[in-house]
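*Asks:* Pasting a structure below so you can have a look.
The values are calculated or read from the model by the stated rules, or taken from the named source; none is laboratory data. Just so we're clear, the structure is a prediction, and the values are computed from it rather than from any experiment. Cβ placement follows ideal geometry from the backbone for every residue including glycine, while neighbour counts extend to all protein chains displayed.
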Amino acid sequence: MKLTGVNEETLWNNVIAGDQQAFRVLYEASADMLYAYALRYFPDREMIMDCIHDLFTDLYLQRRNLARQVNIRFYLLVSFRRKLNASLKKNARFSFQADMSQAESYFQLTFEANDAQSRIIAKEEQQGALHRLAAEMNKLPARQKEILYLKYNCELSYEEVARLMQISVPTCRTLAYRAIRQLRQDMPVTTMPAFGLLLLTCLKNF
């Protein structure tokens, strides 16, 4: 979610006040993030878009009841996750995924390189290492992948990730540590000096 040149607190207060331009800015800045997050659970694009539209409709209708001091990204993800959960329970096409707790086991990451990444990691062997890291990351347990995605791609704190996934903060930190440790073990020794940069670049491109 990118709000370049926009003060988030001011934007949120304007949304609460009913400013339609602020509401439009919020939608345009966050819809892609929410869509990408949901798509990692299931491929029903129509259902995902319906949930996004329902979320923002409710947000507008209930704007006077919104708390003023919030992390916008975290608030939207938590609310959106509830919408997805409710939709899954109603949707017969996803009877094998009765709710988000079961859908979590299907969490997938899809890596896409971009120009910025190419400028950061220029050497061909490092490009190869980046794709190798992406492949190894998809071998991790689903919950570990989701924690890394929320922490580094969505830029949530461990406390926020834990609340979103309904786990304790120590458990969240432990799962993240295990994921990174496993990735270090699975990557070639030659990539270790640049492992931190590779990991951050890889996560930013999911």
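*Asks:* Of the conditions (1) surrounded by 16 or more Cβ atoms within 10 Å (Cβ to Cβ); (2) modelled with pLDDT of 85 or more; (3) among the small types (Gly, Ala, Ser); (4) over 22 Å from ALA36 (Cα atoms), SER168 satisfies every one except a single condition; which number is it?
*Replies:* SER168 satisfies every listed condition except (1).
*Asks:* Further question on the same structure: Considering segment 25-45 alone, what residues qualify as being touching a residue at least 24 places away in the same chain (Cβ under 8 Å), assigned to a helix (DSSP H, G or I) and among the basic types (Lys, Arg)?
*Replies:* none
*Asks:* Say we look at segment 46-69 and pick out the residues that are of a type in the set (Lys, Arg) and not in a loop (DSSP other than H, G, I, E, B); which of these is surrounded by the fewest Cβ atoms within 10 Å (Cβ to Cβ)?
*Replies:* ARG64
*Asks:* Among the residues of segment 51-97 satisfying the criterion of being out of contact with any Leu (no Cβ under 7 Å at 6 or more places or on another chain) and among the small types (Gly, Ala, Ser), which is modelled with the highest pLDDT?
*Replies:* Result: ALA67.
*Asks:* Kindly establish whether TYR158 is within 16 Å of PHE74 (Cα to Cα) and without any contact (Cβ under 8 Å) to a residue 40 or more places away in the chain.
*Replies:* Yes; evaluated as a whole, the condition is true for this residue.
*Asks:* Additional query: Testing PRO43 on (1) surrounded by 14 or more Cβ atoms within 10 Å (Cβ to Cβ); (2) closer than 24 Å to ARG143 by Cβ, one condition comes back false. Which one is that?
*Replies:* It is condition (1) that PRO43 fails.
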